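Take a look at the structure below.
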Amino acid sequence: MSIHDTIENVKDTVQGAGTHLERKAALETAKALTKQQAATLAALTKQGAELQTIRQELGEIRKQRSSSGFPWGLVLLAGGVYALYRSNPGVRDQINGLLKRVSPGIEGNLARAGDAVKDMASDVLGGNSPKDALGRLGGEVGRAGEKTVDHAKDAVKDVKRDAESKADELKRTSDRH
């Protein structure tokens, strides 16, 4: 076997190793992103279910209100949710941890969603319809979900660009030798 053949074999081996490392890095990144997206999706699904429950309870309260007067059940529900957040460090830490992992834009949407919940409770206490506040709540949660998906897509593109750059650098290094 000549030196030229040996160099070609080493070159092929290095290129194969680079491709293997690139694929492995892309796979690990995809796994991490998938886990993060699954956690976000689970949180959004849970929030969606909670919103649906609130909508159903609001419908029931409207029926009761039209026939029985003040909607104490909604006031108690809003107070109970707020008390759980304030008194349970596990729930609070979990929510704060999720907020720290997502972009500031999403935090803003969720903060505005919280304000919409407060406005909804104020509307009910004031004897007004909470329809507008409920609409704002749904809109803010929806925009937060869209921003989360966009952020994940951007992260995947960045990882792909980095992997391609490292593969090109490895290829250039192997071509020089």
Handout entry: Contact order normalised by residue count of the range 103-171, Cα under 8 Å, 6+ apart, percent
Key = 37
Handout entry: Theoretical gain in end-to-end length, Val75 to Ala25 [0.36 nm per residue, Cα-Cα removed]
Key = 12.9 nm
Completion exercise
In cubic angstrom per residue, the convex hull of the range 1-67 built on its Cα atoms measures 46
Exercise for the section: Can you send over the solvent-accessible area of Ser87, 1.4 Å probe, protein chains only, in Å² to the nearest 10? Expected result: 90
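The values are calculated or read from the model by the stated rules, or taken from the named source; none is laboratory data. None of the values given here were measured: they were computed from a predicted structure. All accessible areas refer to the heavy atoms of the entire protein, side chains included, with ligands and DNA or RNA removed. Shrake-Rupley method; radii C 1.70, N 1.55, O 1.52, S 1.80 Å.
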